[in-house]
Amino acid sequence: MNQEMKVAVVGGGPAGLMAAETLALAGVQVHVYDAMPSVGRKFLLAGRGGLNLTHSEPFDIFKGRFGERSGVLEPLLRGFGPDALRAWAHGLGIETFVGTSGRVFPKDMKAAPLLRAWLHRLRQAGVRFHMRHRWLGWPDASMPATTLHFATPDGEVDIAHDAVLLALGGASWSRLGSDGAWTPWLAERGVEIAPLLPANCGFDLSWTPHFRERFAGVPFKSVAISVHDSQGRSFARKGEFVATATGIEGSLVYAASALLRDEIAAHGSATLRLDLLPDRSVDQVRAAVLHPRGARSLASHLKSRLGLEGIKAGVLHEVLTREEMHDPDKLAATIKAVPLRLLATRPIDEAISTAGGVRFDALDESLMATALPGVHFAGEMLDWEAPTGGYLLTASMACGVAAARGVLSAR
């Protein structure tokens, strides 16, 4: 392999940059094209609250987080997994630590220093960056798939390469570059694509105006949720999430979002059960409700005996009538399982990530499209999804490494 081989990497997110690094270290000439003025914009945004690089749990548990795609992603993750990612970060001078949840973070919790060090290393390796180059597909069907059509500040151009690696992301946060515009161009060239869907997303439900005005933006803390869908799948976990003007969002909801999204698609709605007091049994809650309250109001009684106030008390009034609030059995059962009927996902552009994309059946073992010789794929534009917690980033980078190795092996 030598510098005479010219490879285009389209997309400057983690998958594309990792592919570029793998290729450059193998001695090929790498050109990274991105529509934005700078690379890694979604990566930087993800790091604002503390960059979650990966997770420290055992590999077999880690790979299982990818659900139905665990099997196809396993060899990619074995090629570049959580341990390799931490070692890679250390090689950039970025020390990491494991948080109490098992998640792995840079010691300074920031994305910018890591990205700066990474870009410096890529430039030192000879990677060339072409910003404000928006990929527009191919000039025409008669041209090789490795000749790409771009819109640039100087007009539209066609650029020929020896191989192409597409790492364009999904369709969430389009203002940062991932807009899913590539789907029709690939479909026209015979590449099978699963519809892009929101993942790690919020949901809409019908709050009353009173609840919406009072509690939009207020978190549900120290709660648990459970979901049982029509296919026999289930989800249950403790955590927290936030009420919004249109419904709910937040880490606990995101964790169940794939199941909820699919249930809504199949049946028009999905019911989430909210346990307001996960550390108390229904019998303990019922005993507290039945405890004599004297002249106190029911609201004061629930606050005193169970600590239910604010948004937790408010959501009970969303689902129970006045008469049901004074039925101890009904009230206790509802405190342990508030039914929230979800009607729709939030728009895909608001989602943290997306599901769907280029189907693995459309690719060979080198992640090259069988319908497009010379064109390889990586990252979130492939048909997989994962929860938050470092899984998205690790798998995206693993795909970048695997696709780059595929480019090298195909020559």
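The residues of region 181-226 present an accessible area of 47 Å² per residue when probed at 1.4 Å with all protein chains retained. Rounded, prolate or oblate: which fits region 37-78, taking a ≥ b ≥ c as square roots of the Cα gyration tensor eigenvalues, rounded meaning a/c under 1.5, else prolate when a/b beats b/c? It is prolate, given that a/c is not under 1.5 and a/b is the larger ratio.
I need the shape label for region 221-320. Rule: rounded when a/c is under 1.5, else prolate if a/b > b/c, else oblate, with a, b, c from the alpha carbon gyration tensor. Here region 221-320 falls in the prolate category. Looking at the chain alone, DSSP beta bridges between its own residues are antiparallel in about 70 percent of cases. Within the accessible surface of region 64-182, defined with a 1.4 Å probe on protein heavy atoms only, the carbon and sulfur portion equals 50 percent. Working note: Karplus 6.51/-1.76/1.60 with θ = phi - 60° gives region 383-392 the couplings 7, 8, 8, 8, x, 6, x, x, 5, 4 Hz, where Gly and Pro are set to x.
By the compact-protein rule of thumb, 2.2 N^0.38 Å, the alpha-carbon radius of gyration of region 139-235 corresponds to a ratio of 1.75.
In summary, region 269-320 shows an alpha-carbon radius of gyration equal to 1.22 times the 2.2 N^0.38 Å reference for compact globular proteins. The C-alpha atoms of the chain define a longest principal axis, and helix 14-25 lies at about 30 degrees to it. Hey, what angle do you get for helix 70-79 against the long axis of the chain, alpha-carbon based, 0 to 90 degrees rounded to 10? That works out to roughly 50 degrees. The slack between SER226 and LEU25, meaning 0.36 nm per residue of separation minus the straight C-alpha distance, is 67.7 nm. Normalised by 2.2 N^0.38 Å, where N is the number of residues, the C-alpha radius of gyration of the chain stands at 1.13. Could you compute the FRET efficiency for SER281 and HIS317, with r as their C-beta to C-beta distance and R0 at 25 Å, rounded to 0.05? About 0.60, to the nearest 0.05. The string of couplings for region 313-318 from the Karplus curve (6.51, -1.76, 1.60, θ = phi - 60°) is 6, x, 5, 5, 6, 5 Hz, one whole number per residue in order, with x for Gly and Pro.
Just the number, please: carbon plus sulfur as a percent of the accessible area of region 192-349, 1.4 Å probe, no ligands or DNA/RNA counted. Answer for region 192-349 is 50 percent, counting heavy atoms of protein chains only. How high is the relative contact order of region 161-216, in percent, with contacts defined as C-alpha pairs under 8 Å that are six or more residues apart? Relative contact order comes out at 20 percent. Lysine pairs in the chain whose alpha-carbon atoms fall under 22 angstrom of each other, counting only those eight or more residues apart or on distinct chains, come to 15. A simple spin-label model places pseudo-atoms 7 Å from Cα toward Cβ; at VAL98 and ASP349 they are separated by 4.1 nm. With protein chains left intact and a 1.4 Å probe, residues in region 332-371 average 41 Å² of accessible area per residue.
Global dimensions of region 45-130 from alpha-carbon coordinates: Rg and Dmax equal 14.4, 40 Å.
The Kirkwood radius of region 149-299, taken over pairs of alpha-carbon atoms, gives through the Stokes-Einstein law at 4 °C and 1.567 mPa s a diffusion coefficient of 65 µm² s⁻¹.
For the chain, leaving out every one of the GluC sites (Glu not before Pro) that falls in a DSSP loop and has at most 13 other Cβ atoms within 10 Å, the longest unbroken run is 96-308.
A cut-off of 5 Å between modelled amide H atoms, ignoring neighbours fewer than 5 places along the same chain, links VAL32 with VAL9, ARG128, PHE129, HIS130. Dividing the convex hull volume of the alpha carbon atoms of region 71-215 by its residue count gives 244 Å³ per residue. Shape analysis of region 351-411 places it in the oblate category; the axes a ≥ b ≥ c from the Cα gyration tensor give an a/c of at least 1.5, with a/b not above b/c. Between VAL72 and GLU213, residue separation times 0.36 nm minus the direct Cα-Cα distance comes to 46.2 nm. Taking all C-alpha pairs of region 4-87, those more than 16 Å from each other amount to 64 percent. Once the Cα atoms are used to define both axes, helix 257-267 deviates from the longest principal axis of the chain by about 80 degrees. Principal axis analysis of the Cα atoms in region 308-411 yields extents of 74, 24, 23 Å, listed in decreasing size. Quick check: net charge around ASP179, other residues with Cβ under 14 Å of its Cβ, Lys/Arg +1 and Asp/Glu -1? It works out to a net charge of 0.
For ASP275, the residues whose amide H sits under 5 Å from its own are ALA224, ILE225, SER226, VAL338, ignoring neighbours fewer than 5 places away on the same chain, with H placed 1.01 Å from N. In the context of the full set of protein chains, region 1-128 has a per residue accessible area of 45 Å² (1.4 Å probe).
The values are calculated or read from the model by the stated rules, or taken from the named source; none is laboratory data. Everything numeric in this text was worked out from a predicted model, so none of it was measured. Positions of Cβ are backbone-derived with ideal geometry, glycine not excepted, and every protein chain shown enters the neighbour counts. Side chains included, ligands, DNA and RNA excluded: accessible areas come from the protein's heavy atoms. Shrake-Rupley method; radii C 1.70, N 1.55, O 1.52, S 1.80 Å.
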